[in-house]
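Trainee: Handing you this structure, nothing more for now.
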Amino acid sequence: MFLATPDPAYAGAFGRLVDDYRRAGEPTRVAKYAAGEGAFRAYVESLRLAERGIDLPADKVPYHTYWLVDGGEIVGVVRVRPRLTPRAEIYDGHVGYDVPPSHRNKGYGSALLRLALVEARRLGLARVIVTCAAGNAASRRVIERCGGRLLGEVTDDDSGERLNRYELNTPDPDPGRPSPAG
Ligand SMILES: CC(C)(COP(=O)(O)OP(=O)(O)OC[C@H]1O[C@@H](n2cnc3c(N)ncnc32)[C@H](O)[C@@H]1OP(=O)(O)O)[C@@H](O)C(=O)NCCC(=O)NCCS
């Protein structure tokens, strides 16, 4: 199992991921990933550009996408946003992730977040904010297992959704060096 950066070689696996969401009846995520069902190479390129903030909607900050790969399948997707707007700092956080329905409850979500913390550190963050719906017990479990400390609860004024906000430290690869401000 490893975290991969988007690559055209994963076209087949990505198609199976979208099918998984479709079969499970999760239209929001089908819509989120549908662009990858067509011109996959262009989709991968758009993810690479998103890292540099190119061609993003005005309300989106640059983000890095990683795919958790196991046995040739994409068993999780995680996005790391190194710089947040004041609003995103409260409601979105630095890390967002999902595991396709047929792969849930096998530990992939926890592995995904743990490995994303390593990437966040590489991107210069000593700590990250992660938010999740207060009613999302599986995500709360994943965050707490990865060392999340509950900062409090906020209500998203756009959606009305109650969110838990957590803070997590990223792992220090070299404890002898000064740490980034994060
Ligand atoms: C949240 C999500 C990523 C978790 O992925 P996962 O691969 O199932 O995670 P894990 O297997 O590592 O851990 C899930 C934990 O939640 C627990 N869990 C699952 N459903 C649960 C529920 N309804 N109530 C309580 N606990 C639950 C599992 O038992 C497991 O805990 P355990 O290992 O102690 O038994 C996945 O459910 C998902 O993609 N959901 C939709 C998208 C989403 O919510 N993303 C997060 C946004 S913040």
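The values are calculated or read from the model by the stated rules, or taken from the named source; none is laboratory data. Source: prediction; values computed, not measured. Cβ atoms come from the backbone with ideal geometry, glycine included; neighbour counts cover every protein chain shown. Ligands, DNA and RNA are excluded from the accessible area calculation, which covers all protein heavy atoms including side chains. Shrake-Rupley method; radii C 1.70, N 1.55, O 1.52, S 1.80 Å.
Trainee: Order Arg79, Arg114, most accessible first, counting only protein heavy atoms with a 1.4 angstrom probe.
Mentor: Output order, biggest surface exposure first: Arg114, Arg79.
Trainee: Compute the relative contact order of the chain as a whole-number percentage, counting only Cα pairs closer than 8 Å that sit 6 or more residues apart in sequence.
Mentor: Working: 302 pairs, mean separation 31.1, N = 182.
Taking the mean separation of contacting Cα pairs over the length of the chain, I get 17 percent.
Trainee: Another one. What angle, in degrees between 0 and 90 and rounded to the nearest 10, separates the Cα long axis of helix 40-51 from the longest principal axis of the Cα atoms of the chain?
Mentor: On a 0 to 90 degree scale, this one is about 10.
Trainee: Classify region 5-59 as rounded, prolate or oblate, taking a ≥ b ≥ c as the square roots of the eigenvalues of its Cα gyration tensor: rounded when a/c is under 1.5, otherwise prolate if a/b is larger than b/c and oblate if not.
Mentor: Working: a/c = 2.79, a/b = 1.40, b/c = 1.99.
Taking the square roots of the gyration eigenvalues as a ≥ b ≥ c, region 5-59 is oblate.
Trainee: Next up: Picking from Asn169, Gly72, Tyr97, whose Cα lies most toward the positive end of the charge dipole for the chain (charges on Cβ: Lys, Arg +1; Asp, Glu -1)?
Mentor: Highest projection toward the positive end goes to Asn169.
Trainee: Moving to a separate point now. Once you charge only the Cβ atoms, +1 for Lys and Arg and -1 for Asp and Glu, what is the size of the charge dipole of the chain about its Cα centre, to the nearest 20 debye?
Mentor: Working: 26 positive and 24 negative charges, 72 e Å.
So the magnitude is around 340 debye.
Trainee: Do the sum for the chain: with -39,500 (n - 2.57) for every DSSP H run of n ≥ 4, divided by all residues, what is the mean residue ellipticity at 222 nm, to the nearest 500 deg cm²/dmol?
Mentor: Helix contribution divided over all residues of the chain: -10000 deg cm²/dmol.
Trainee: Also: Among Leu151, Leu117, Val128, flag the residue with its Cα farthest along the positive direction of the charge dipole of region 98-182, charges on Cβ as +1 for Lys/Arg and -1 for Asp/Glu.
Mentor: Result: Leu117.
Trainee: What is the set of long-range amide H partners of Gly76 at a cut-off below 5 Å, with H atoms built 1.01 Å from backbone N?
Mentor: Distant-sequence amide H within range of Gly76: Leu68.
Trainee: Evaluate the distance, in nm, between pseudo-label points positioned 7 Å from the Cα of Ala137 and of Asp7 along their respective Cα→Cβ axes.
Mentor: 3.9 nm
Trainee: Is the chain rounded, prolate or oblate when judged by the Cα gyration tensor, a ≥ b ≥ c being the square roots of its eigenvalues, rounded requiring a/c under 1.5 and prolate requiring a/b larger than b/c? Display every interim value, and only then the final one.
Mentor: Values: a/c = 1.38, a/b = 1.26, b/c = 1.09.
Judged from the Cα gyration tensor, the chain comes out rounded (a/c under 1.5).
Trainee: Picking from Ser110, Ser139, Ser102, which is most flexible by a Gaussian network model of the chain using Cα springs under 10 Å?
Mentor: The residue that fluctuates most here is Ser102.
Trainee: How tilted is helix 108-122 with respect to the longest principal axis of the chain? Cα atoms for both, answer in degrees (0 to 90, nearest 10).
Mentor: Around 60 degrees separate the two axes.
Trainee: How much length is gained on full extension from Thr155 to Asp55, taking 0.36 nm per residue of separation minus their Cα-Cα distance? Numbers along the way, then the final one.
Mentor: Details: separation 100, 0.36 × 100 = 36.00 nm, distance 2.94 nm.
The span from Thr155 to Asp55 would gain 33.1 nm if fully extended.
Trainee: Still on this model: Putting +1 on Lys and Arg Cβ atoms and -1 on Asp and Glu Cβ atoms, find which of Thr5, Tyr63, Gly15 reaches farthest to the positive end of the dipole of region 1-80.
Mentor: Tyr63
Trainee: Now for a different question. State to the nearest 20 debye the size of the charge dipole of region 1-57 about its Cα centre, where the only charges are +1 on K and R beta carbons and -1 on D and E beta carbons. Could the numbers behind the result be given before it?
Mentor: Numbers: 8 positive and 8 negative charges, 16 e Å.
About 80 debye.
Trainee: Which residue, Leu115, Leu151, Leu84, has the most motion in a Gaussian network model of the chain that connects Cα atoms within less than 10 Å?
Mentor: Highest fluctuation among the options: Leu151.
Trainee: Next up: I want the local charge near Ala111. Using Cβ-Cβ distances under 12 Å, sum +1 for each Lys or Arg and -1 for each Asp or Glu among the other residues.
Mentor: That works out to +2.
Trainee: Taking θ = phi - 60°, what integer Hz values does the Karplus form 6.51 cos²θ - 1.76 cosθ + 1.60 yield along region 59-73, in sequence order, with x for Gly and Pro?
Mentor: 8, 9, 9, x, 9, 9, 9, 9, 10, 8, 10, 9, x, x, 9
Trainee: Related question: With the other protein chains left in place, how much accessible area per residue, in square angstrom, belongs to the chain at a 1.4 angstrom probe? Could the numbers behind the result be given before it?
Mentor: Details: 9460 Å² over 182 residues.
The answer is 52 Å² per residue.
Trainee: For region 1-65 and region 87-146, what is the separation of their Cα centres, given in Å?
Mentor: With region 1-65 and region 87-146 each reduced to a Cα centre, they are spaced 17 Å.
Trainee: Could you give the size of the charge dipole of region 48-103 about its Cα centre, using +1 on the Cβ of each K and R and -1 on the Cβ of each D and E, expressed in debye and rounded to the nearest 20? Can you show the working numbers first?
Mentor: On the way: 7 positive and 8 negative charges, 55 e Å.
My answer is approximately 260 debye.
Trainee: Rounded to whole Hz and in sequence order, give me ³J(HN,Hα) for region 145-151 from the Karplus expression 6.51 cos²θ - 1.76 cosθ + 1.60, θ = phi - 60°, writing x for Gly and Pro.
Mentor: Running phi through 6.51 cos²θ - 1.76 cosθ + 1.60 with θ = phi - 60° gives 5, 8, x, x, 10, 5, 8 Hz.
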